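Participant: Structure in structure tokens, see below.
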Amino acid sequence: YKRVTVKSLTEMKANNEKISMLTAYDYTMAKIVDGAGVDVILVGDSASNVMAGHETTLPITLDQMIYHASSVVRGIDRALVVVDLPFGSYQSDPKEALRSSIRIMKESGGHAVKLEGGKEVKDSIKRILHAGIPVMGHLGLTPQSIYKFGTYTVRAKEEEEAKKLKEDALMLQKAGCFAIVLEKVPANLAREVAEKLTIPVIGIGAGNGVDGQVLVTHDMLGMTHEFNPRFLRRYLDLYTEMTSAFKQYVDDVKSVDFPNEDEQY
Ligand code: KIV
Ligand code: NA
């Protein structure tokens with residue numbers, strides 16, 4: 001396999017090849033996702049919800065993100081590994097943002113960082129880039145600001161917010177981001193942004209006019225069955241499959257069906 005780099009992603013956009021991206025938080029999952037040919041693996045702060053059971057992404061710490069990211073990096077041969085800067089690790093000032101990014105790069109071996117927001121984080125992005133660390137932006141529904149929004153509904157439906165999003169997207173490109181994620185925004189707006197930018201726009205709930213798609217792996221595998229947004233396509237129903245496997249195991253243990261003659265020493 002030829003390794004995916006931030007440069008190959010730009011080339012993919014120029015060649016009209018869509019970019020596939022999924023999350024992973026651990027070695028075993030990362031190895032499967034990478035082996036299947038997914039281009040970008042995101043160590044998302046959605047680990048706060050999916051791995052730790054928190055209601056929001058706010059509680060996860062930089063140390064915890066580094067633990068997840070280092071596990072993921074050990075599982076991959078080809079994919080580009082992007083690591084979310086968690087809430088509170090970059091908002092105070094650009095120096096803090098750089099320090100957090102350096103810790104991620106040194107201690108996890110990840111290849112790039114991602115952070116949420118537009119012009120508010122411009123100086124931090126520049127500072128991180130000056131150190132040679134690639135940065136992915138994230139606009140639209142930015143879950144670290146959930147208490148400002150109040151809900152997880154579609155963003156930028158009104159003209160004013162759409163206008164700010166377009167300005168922010170251009171700013172992120174100009175500042176030097178290698179790609180941006182657009183989360184839960186109208187498809188027409190996302191298409192317009194993707195057409196305007198030369199860097200790839202990766203969508204989640206942003207329609208098919210963008211340059212690539214990202215989903216949370218546990219959601220697309222159907223492990224999380226309480227979460228049902230319209231944009232989520234489920235490729236498996238693992239919640240049901242796993243439940244029946246676990247039930248079968250319980251039955252087999254109780255009935256002394258397991259282990260049998262061949263499964264013992
Ligand atoms: O944390 C995450 O999983 C993300 C994706 C949904 C883009 O940021
Ligand atoms: Na995230």
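Participant: May I ask you to list the residues in the range 170-205 that are touching a residue at least 60 places away in the same chain (Cβ under 8 Å) and closer than 22 Å to S48 by Cβ?
Facilitator: Residues of the range 170-205 touching a residue at least 60 places away in the same chain (Cβ under 8 Å): 178-179, 181, 198-200, 202, 205.
Matches in the range 170-205: V181, I202, G205.
Participant: Sticking with this structure for a sec: Hey, could you check the range 129-144 for residues that are surrounded by 16 or more Cβ atoms within 10 Å (Cβ to Cβ) and over 21 Å from T198 (Cα atoms) and say which is nearest to ligand 1 (Cβ to nearest atom)? Before the answer, list the steps.
Facilitator: Of the range 129-144, the ones surrounded by 16 or more Cβ atoms within 10 Å (Cβ to Cβ) are 129, 133-144.
Pick out the ones that are also over 21 Å from T198 (Cα atoms) and you get 141-144.
Working: L141: 9, T142: 9, P143: 7, Q144: 9 Å.
Looking at the filtered set, the residue picked out is P143.
Participant: Could you list, in sequence order, the residues of the range 153-165 that are touching a residue at least 40 places away in the same chain (Cβ under 8 Å) and assigned to a loop (DSSP other than H, G, I, E, B)?
Facilitator: Initial filter on the range 153-165 (touching a residue at least 40 places away in the same chain (Cβ under 8 Å)): 154, 164-165.
Matches in the range 153-165: V154 only.
Participant: With the checklist (1) over 23 Å from E192 (Cα atoms); (2) out of contact with any Phe, Trp or Tyr (no Cβ under 8 Å at 6 or more places or on another chain) in hand, flag the one item T153 doesn't pass.
Facilitator: (1)
Bear in mind these aren't lab numbers, they're just calculated from the coordinates by the rules spelled out. Quick caveat: nothing in here was measured; it's all calculated off a predicted structure. Cβ sites come from the backbone with ideal geometry, for glycine too, and all protein chains shown count toward neighbours.
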